[in-house]
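See below for the structure under consideration.
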Amino acid sequence: MSPPTPVGPYSPAVRAGDWLICSGQTPVRDGILLHGDIAAQTTQCLDNLAAVLEDNSASLADIVKTTVFLVDMADFAEMNGAYAAKFGDHRPARSTIAVAGLPLGARVEIEAWAYLGR
């Protein structure tokens with residue numbers, strides 16, 4: 001899977017020494033917002049994030065910190081379930097923030113920091 005095309009003037013990821021800072025990923029597939037429940041949107045965000053990481057010779061296992069942006073905190077439990085399923089036993093540090101809106105009408109966006117200094 002190739003990383004999604006950015007919807008603005010930014011880089012999907014920037015390497016800074018041993019760190020890879022990944023821009024927020026929305027649930028876009030083939031340039032179109034994935035409509036569906038928050039679990040499906042969360043999974044797509046993480047699939048997109050995995051593609052950005054793979055494009056930079058990294059994986060979800062390299063992530064040490066994520067920030068999840070949710071339009072509705074009532075979606076927290078369902079997002080959390082999809083997030084945990086995707087990460088398995090790996091548990092990066094995380095913040096979850098309620099926001100008034102997200103690009104393209106997404107309900108969730110996830111950004112990450114990955115450590116590549118193995």
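The values are calculated or read from the model by the stated rules, or taken from the named source; none is laboratory data. Keep in mind that this is a model prediction, so the values were computed, not measured. Here Cβ is always computed from backbone atoms with ideal geometry, including for glycine, and neighbour counts include all displayed protein chains.
Give just the number: which of (1) among the β-branched types (Val, Ile, Thr); (2) modelled with pLDDT under 95; (3) touching a helix residue (DSSP H, G or I) at 6+ places or on another chain (Cβ under 8 Å) does Ile32 not satisfy?
(3)
Out of Thr96, Thr67, report the one residue that is of a type in the set (S, T, N, Q), in contact with a strand residue (DSSP E or B) (Cβ under 6 Å, 6 or more places away or on another chain), under 14 Å from Cys22 (Cα atoms) and not in a helix (DSSP H, G or I).
Thr67
Collect the residues in region 62-86 that are over 24 Å from Pro6 (Cβ atoms) and not polar (S, T, N, Q), keeping them in residue-number order.
To start, the set of residues in region 62-86 that are over 24 Å from Pro6 (Cβ atoms) comprises 72-78, 80-81, 84-85.
Matches in region 62-86: Asp72, Met73, Ala74, Asp75, Phe76, Ala77, Glu78, Gly81, Ala84, Ala85.
Sort out which residues of region 71-93 are farther than 20 Å from Ser59 by Cβ and either touching a residue at least 60 places away in the same chain (Cβ under 8 Å) or not in a loop (DSSP other than H, G, I, E, B) (or both), and write them in order of number.
Met73, Ala74, Asp75, Phe76, Ala77, Glu78, Met79, Asn80, Gly81, listed by residue number.
Criterion first (closer than 19 Å to Gly8 by Cβ and in a strand (DSSP E or B)) does Gly24 satisfy it?
For Gly24, the condition - closer than 19 Å to Gly8 by Cβ and in a strand (DSSP E or B) - is met.
I'm trying to understand the selection: among the residues of region 70-84, which are of a type in the set (Gly, Ala, Ser) and more than 17 Å from Asp47 (Cβ to Cβ)?
Ala74, Ala77
Please verify whether region 40-52 includes one or more residues that are surrounded by fewer than 17 Cβ atoms within 10 Å (Cβ to Cβ), over 13 Å from the mean Cα position of the chain (by Cα) and not β-branched (Val, Ile, Thr).
Within region 40-52, not a single residue is surrounded by fewer than 17 Cβ atoms within 10 Å (Cβ to Cβ), over 13 Å from the mean Cα position of the chain (by Cα) and not β-branched (Val, Ile, Thr).
When you scan region 27-47, do you find a residue that is in contact with a Gly (Cβ under 8 Å, 6 or more places away or on another chain), over 18 Å from Ile97 (Cα atoms) and either in contact (Cβ under 8 Å) with a residue 24 or more places away in the chain or among the basic types (Lys, Arg) (or both), even just one?
For region 27-47, residues in contact with a Gly (Cβ under 8 Å, 6 or more places away or on another chain), over 18 Å from Ile97 (Cα atoms) and either in contact (Cβ under 8 Å) with a residue 24 or more places away in the chain or among the basic types (Lys, Arg) (or both): present.
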